[in-house]
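*Asks:* So that we are looking at the same thing, I have put the structure below in structure tokens.
The values are calculated or read from the model by the stated rules, or taken from the named source; none is laboratory data. Model, not experiment: these values are computed from the prediction. Cβ atoms come from the backbone with ideal geometry, glycine included; neighbour counts cover every protein chain shown. Remember, those area values only see protein heavy atoms, side chains included, never the ligands or the DNA or RNA. Shrake-Rupley method; radii C 1.70, N 1.55, O 1.52, S 1.80 Å.
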Amino acid sequence: MNILITGATSGIGLGLAKNYLADGHKVIAVGRNAKILNELSLLGIYTVELDLVDLDKSREKFQLIAKDFECIDLAILNAGNCEYLDVADFDASLIKRVFDANIISLANSVEGVLPLLRKSKTPHLVGVASMSLYLPLSRAEAYGASKAAANYMLETLAIDLAPDKILVTVVNPGFVKTPLTAKNDFPMPFALEVDRAVAIIKQGISNKKIEIHFPYKLTLIIKFLSLLPRSWWRVLGQKFKK
Ligand SMILES: NC(=O)c1ccc[n+]([C@@H]2O[C@H](COP(=O)([O-])OP(=O)(O)OC[C@H]3O[C@@H](n4cnc5c(N)ncnc54)[C@H](OP(=O)(O)O)[C@@H]3O)[C@@H](O)[C@H]2O)c1
């Protein structure tokens, strides 16, 4: 398979890129970190240095990918970032940064990869959102909202791409130990190592699941809590504050 992975220079995306390469697939890694991209290229991965927030650059780079690859069979759109908001110092520029990283980069990737997915016999589009979209969580005004938007975009694409036979999967992880969560200053229940998260995501992809969420112990609790009346969550949400 030809597999394109965004956010392939760190954490979950890096783990997926190396793992799919080891399975013998052709991997196209997209990221910004030139040093890591160079290391990946030495391993035999096709690398693309790109800030996915920049639409013009993204169009340019996807045209180059289209010259080198007839099709993409699996696109894992995983690039993203997390910043928490301090409501005492509400900073709208933080909201923009997080939406750029999580939504604009997703939209730019979808635009770039769709024509190549359409050329595959078994096209599969996978987007990484987060379990934070199930419930409003303290300080996640930017991150949670951007991941809820990513989930909505992906679920809508699932409907609109069904006639093209493009399967869409949403990945909603709980906590995974990566550079993104290393800066978290609060407990991360049931946090998984990257290798475990990669194995779960790969399994879900090969089983063609439409949603991959993990670790179950956490995501099932959060999904259950999300069924509570909104007024209950307004009270309970206070207990989940750092
Ligand atoms: N870790 C968790 O607990 C967790 C939980 C739920 C959801 N997620 C989601 O999972 C995804 C991967 O997270 P992670 O924990 O593996 O984070 P990470 O280690 O920080 O990796 C993030 C990746 O995204 C790339 N990226 C960010 N902005 C980009 C941009 N504008 N253009 C191109 N690449 C960009 C980074 O590239 P460079 O390093 O090259 O800049 C990096 O490769 C994210 O979407 C995150 O929100 C993670």
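*Asks:* Can you give the net charge of the other residues whose Cβ lies under 13 Å from the Cβ of ALA22, counting K and R as +1 and D and E as -1?
*Replies:* Its environment carries a net charge of +1.
*Asks:* Mean-square fluctuation check for the chain, GNM, Cα pairs under 10 Å: which of LEU135, LEU106, LEU227 is largest?
*Replies:* In the Gaussian network model the winner is LEU227.
*Asks:* What accessible surface, in Å², does a 1.4 Å probe find on ARG196, ignoring ligands, DNA and RNA and rounding to the nearest 10?
*Replies:* We get 130 Å² for ARG196.
*Asks:* Ignoring everything except DSSP H segments at least 4 long, calculate the 222 nm mean residue ellipticity for the chain; use -39,500 (n - 2.57) per segment, divide by total residues, nearest 500.
*Replies:* About -14500 deg cm²/dmol.
*Asks:* According to the square roots a ≥ b ≥ c of the eigenvalues of the Cα gyration tensor, what is the shape class of segment 181-242, taking rounded for a/c under 1.5, prolate for a/b larger than b/c otherwise, and oblate for the remainder?
*Replies:* Oblate, since a/c reaches 1.5 and b/c is not below a/b.
*Asks:* Another one. Starting from a Cα-only point model with no solvent, please compute log10 I(q)/I(0) by Debye for segment 79-142 at q = 0.16, 0.21, 0.22, 0.25 1/Å.
*Replies:* One equal scatterer on each Cα of segment 79-142 leads to -0.64, -0.89, -0.94, -1.08.
*Asks:* So, one more: Straight-line reach from LYS35: which lysines have a Cα under 29 Å away, not including same-chain ones fewer than 8 places off?
*Replies:* Of all the lysines, those that pass the test against LYS35 - Cα under 29 Å, at least 8 places apart if same chain - are LYS18, LYS26, LYS57, LYS61, LYS67, LYS96, LYS147, LYS177, LYS183, LYS202.
*Asks:* Just how far, in whole angstrom, is segment 159-228 from segment 58-136 if you go by their alpha carbon centroids?
*Replies:* Taking the Cα centre of each part, segment 58-136 and segment 159-228 sit 16 Å apart.
*Asks:* All other residues with a Cβ under 14 Å from the Cβ of LEU40 taken together, and with Lys, Arg as +1 and Asp, Glu as -1, what is their net charge? List each step's numbers first, then the result.
*Replies:* Values: positive: LYS18, LYS26, ARG32, LYS35; negative: GLU39, GLU49.
Summing Lys and Arg as +1 and Asp and Glu as -1 gives +2.
*Asks:* Dipole of the chain, Cα-centred, from +1 at each Lys and Arg C-beta and -1 at each Asp and Glu C-beta, to the nearest 20 debye? Show your work: numbers first, answer last.
*Replies:* Details: 29 positive and 24 negative charges, 146 e Å.
For this selection, approximately 700 debye.
*Asks:* For labels at GLN203 and GLU155 in the simple 7 Å Cα→Cβ model, what's the distance in nm?
*Replies:* Between GLN203 and GLU155, the simple spin-label model gives 2.5 nm.
*Asks:* What is the sum of charges, Lys and Arg at +1 and Asp and Glu at -1, for the other residues whose Cβ falls under 14 Å from the Cβ of SER226?
*Replies:* +3
*Asks:* Shifting gears a bit: For the chain, just list the percent of Cα-Cα distances falling in each 5 Å bin from zero outward, please.
*Replies:* 1, 6, 14, 19, 20, 17, 11, 7, 4, 2, 0
*Asks:* Still on this structure, please answer the following. Whole-Å semi-axes of segment 1-82's equivalent ellipsoid, largest first, each the root of 5 times a Cα gyration tensor eigenvalue?
*Replies:* Equivalent-ellipsoid dimensions as semi-axes: 17, 16, 12 Å.
*Asks:* Rolling a 1.4 Å sphere over the protein heavy atoms, what is the accessible area per residue of the chain, to the nearest Å²?
*Replies:* On the way: 12450 Å² over 242 residues.
On a per-residue basis, 51 Å².
*Asks:* While we're on this one: Give or take rounding to whole Å, what are the principal axis extents of the alpha carbon atoms in segment 133-216, in descending order?
*Replies:* Taking the Cα atoms of segment 133-216, the three principal extents are 45, 29, 20 Å.
*Asks:* When the accessible area of segment 174-241 is computed with all protein chains present and a 1.4 Å probe, what percentage of it is carbon and sulfur?
*Replies:* 63
*Asks:* Measure off, as a whole percent, the carbon and sulfur share of the 1.4 Å-probe accessible area of segment 1-130, all protein chains present.
*Replies:* The C+S portion of the solvent-accessible surface of segment 1-130 is 51 percent.
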